[in-house]
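Chemist: Below you'll find the structure I mean.
The values are calculated or read from the model by the stated rules, or taken from the named source; none is laboratory data. From a predicted model like this one, the values you see are computed outputs, not experimental measurements. All Cβ positions, even for glycine, are placed from backbone atoms using ideal geometry, and neighbour counts span all protein chains on display. These area figures cover heavy atoms from the full protein model, side chains too; ligands, DNA and RNA do not enter into them. Shrake-Rupley method; radii C 1.70, N 1.55, O 1.52, S 1.80 Å.
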Amino acid sequence: MDLHATYPALSDLRQRARRRLPKFVWEYLDSATGTEATKHRNRAALDRVGLMPSVLHGEFTPDLSVDLMGQKFPLPFGISPLGMSGLIWPDAECHLARAAARAGMPYGLSTVAAASPEDLAPHLGAHGWFQLYPPRDPEIRADMLARAKAAGFTTLVLTVDVPVASRRERQTRSGLTSPPVLTPRLLAQVGLRPAWAMGMARRGLPHMKMLDKYVQGTATANLPPTAHVGYLLRTAPDWDYLNWLRDHWDGPLVVKGVLRPEDAAPLEKAGVDAIWVSNHAGRQFDAAPASAEALPALRQASSLPLIFDSGVETGLDMLRAFALGADFVMLGRAFHFALAALGPRGIDHLIEIFTRDLIANLGQLGARHLRDLPAPFDLSPL
């Protein structure tokens, strides 16, 4: 079967994923917060970015490699961390980590994933990134860092745009709780999705495995439906917290969830190795600017590498982000759509979709490398 004939784009994988996932799982993966204006703004902002084609450059094969934080990557994108990946598809974290290792790209594991760092150790390549949702207790914090390092994670990502649980109304309406409880309503949805159901029956319902060591016997009854047990451990980090992490982590340190250009200089002073420009794909705050709108000002304000996410659906979108100032692109939902659509082979297929799209669009631009992109222009109607 030629997957490119049947599923030539991420949109095709997304449609198939929706047909294969129970509704409450789909709502968890696809939803944002509020009226989802920020989620839609992400897409609209990328659509407004124009790049002028260029002709008569002859035959060439574009170089898709990038240098980031002292490492060379063969492709300019990687797999973002996503909380409770294992709810989307059985053993999702291991499938994603193995695919990333094969492709030589970063794979991000969330503190609140359904797999622990120890579970991922046999599957990580050279580019495991551990996303820290910041625990309040310094002993737990130090232990988490030690576990991530021992498992082979080389880069630490501090997420700073989740000081409180967002509301995510679609997710709440779906009936999903944390940990998941299969009520009769949800069981009826599961019965309509046999592939997902059989996989979960073999492995059991997922939970936030890394936190088991720290939350045994902890009551969660008073948590809001979009929060989880991790919120009982977490704090809203400040600059002192960031400085503590810099002192206790000896690898690259990335701060994720930055939109304000005035934060760039203090982050540089704190010894951060890269800034991750993100509005959490619209899942946290519904009045935030699109990540693509925030990117140029942050590029002007900082010489640090800029990692970008939110709204990316194609190789062309990646080129738009690079033209606006990004140095690397990460995608979360997209790879989970691919996994839910086709199982593990969907991940490799999506990597190939993006690679082909990058090559095709670089050819139209006459750009042999991502450094050769033309200046972007505004496609908004007058």
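Chemist: For the chain, with all protein chains present and a 1.4 Å probe, just round the carbon and sulfur fraction of the accessible area to a whole percent.
Modeler: Of all accessible area on the chain, carbon and sulfur atoms account for 55 percent.
Chemist: Using a ≥ b ≥ c from the Cα gyration tensor of the range 35-117 (square roots of the eigenvalues), is it rounded, prolate or oblate, where a/c under 1.5 gives rounded and otherwise the larger of a/b and b/c decides, a/b for prolate?
Modeler: Taking the square roots of the gyration eigenvalues as a ≥ b ≥ c, the range 35-117 is oblate.
Chemist: From the Cα gyration tensor of the range 225-341, with a ≥ b ≥ c the square roots of its eigenvalues, which class applies: rounded if a/c is under 1.5, or else prolate if a/b is larger than b/c, or else oblate?
Modeler: oblate
Chemist: Next question. Taking only complete DSSP H runs, can you tell me which helices of the chain stretch 18 Å or more along their own long axis by Cα positions and average at least 0.0 on the Kyte-Doolittle scale?
Modeler: Within the chain the helices that satisfy the rule are 344-365.
Chemist: Enumerate the amide H contacts of PHE328 below 5 Å, restricted to partners 5 or more residues apart or on another chain; note that Pro and chain-start residues carry no placed amide H.
Modeler: LEU306, PHE308
Chemist: Here's something else I'd like to know. Which one, LEU51, LEU13, LEU82, has the greatest fluctuation when you compute a Gaussian network model over the chain with C-alpha springs under 10 angstrom?
Modeler: Top of the fluctuation ranking is LEU51.
Chemist: I would also like to ask the following. Under the 0.36 nm per residue contour assumption, what length would be gained going from the current alpha-carbon distance of LEU205 and THR183 to full extension?
Modeler: 6.6 nm
Chemist: May I ask you to derive the FRET efficiency for ASP378 and ALA37 from their Cβ-Cβ distance with R0 = 22 Å, giving the value to the nearest 0.05?
Modeler: 0.60
Chemist: Run the reach check for LYS269 against lysines, Cα to Cα strictly under 18 Å, same-chain hits fewer than 8 apart removed. What comes back?
Modeler: List returned: LYS256.
Chemist: Could you report the chain's accessible area per residue, 1.4 Å probe, as an integer in Å²?
Modeler: Accessible area per residue, the chain: 42 Å².
Chemist: Which residue, GLU36, GLU268, GLU293, has the most motion in a Gaussian network model of the chain that connects Cα atoms within less than 10 Å?
Modeler: Among GLU36, GLU268, GLU293, the largest mean-square fluctuation in the Gaussian network model of the chain belongs to GLU268.
Chemist: In the Gaussian network model of the chain, springs joining C-alpha atoms below 10 Å, which of GLN131, GLN71, GLN216 carries the largest mean-square fluctuation?
Modeler: GLN216
Chemist: Taking amide H positions as placed 1.01 Å from N in the peptide plane, with prolines and chain starts having none, which residues 5 or more places from THR235, or on another chain, fall under 5 Å of its amide H?
Modeler: ARG136
Chemist: Gain in length, HIS248 to SER303, computed as 0.36 nm per residue apart minus the alpha-carbon separation, to one decimal in nm?
Modeler: Taking HIS248 through SER303 to full extension adds about 17.4 nm, to one decimal.
Chemist: On to the next question. Once phi is turned into ³J(HN,Hα) by the Karplus curve 6.51 cos²θ - 1.76 cosθ + 1.60 with θ = phi - 60°, what whole-Hz value does each residue of the range 153-169 show in order, with x for glycine and proline?
Modeler: 6, 9, 10, 9, 10, 8, 8, 10, 9, 10, x, 9, 6, 7, 8, 6, 4
Chemist: Under a Cβ-Cβ cut-off of 14 Å, what is the net charge of the residues other than SER302 that fall near it, where Lys and Arg count +1 and Asp and Glu count -1?
Modeler: Every neighbour counted, the sum reads -2.
Chemist: Then there's this: Pulled fully out, how much extra length does the chain show between LEU56 and ALA44, if you take 0.36 nm times their separation in residues and subtract their Cα-Cα distance?
Modeler: Length difference between fully extended and current span is 1.2 nm.
Chemist: Now a separate question. Taking K and R as +1 and D and E as -1, what net charge do the other residues with C-beta under 12 Å from the C-beta of SER54 add up to?
Modeler: 0
Chemist: Okay, moving on. Within straight cross-link reach of LYS149, meaning Cα distance under 19 Å, which aspartates and glutamates are found once same-chain residues fewer than 8 apart are removed?
Modeler: Once the sequence-local aspartates and glutamates are set aside, what remains near LYS149 is GLU93, GLU118, ASP119, ASP137, GLU139, ASP212, ASP247, ASP250, ASP273.
Chemist: Using helices alone, what [θ] at 222 nm do you get for the chain, with -39,500 (n - 2.57) per DSSP H run of 4 or more residues, divided over all residues and rounded to the nearest 500?
Modeler: Only helices count here, giving -12500 deg cm²/dmol.
Chemist: Using only Cα atoms, locate the centre of the range 321-382 and the centre of the range 263-313, then give the distance between them in Å, rounded to an integer.
Modeler: If we compute the Cα centre of each part, the gap is 18 Å.
Chemist: With just the Cα atoms defining each centre, how far is the range 80-138 from the range 143-161? Give it in Å.
Modeler: One Cα centre to the other: 10 Å.
Chemist: Also, I was wondering about something else. Around GLY363, under 14 Å between beta carbons, what's the net of Lys plus Arg minus Asp minus Glu among the other residues?
Modeler: For residues surrounding GLY363, the net value is -2.
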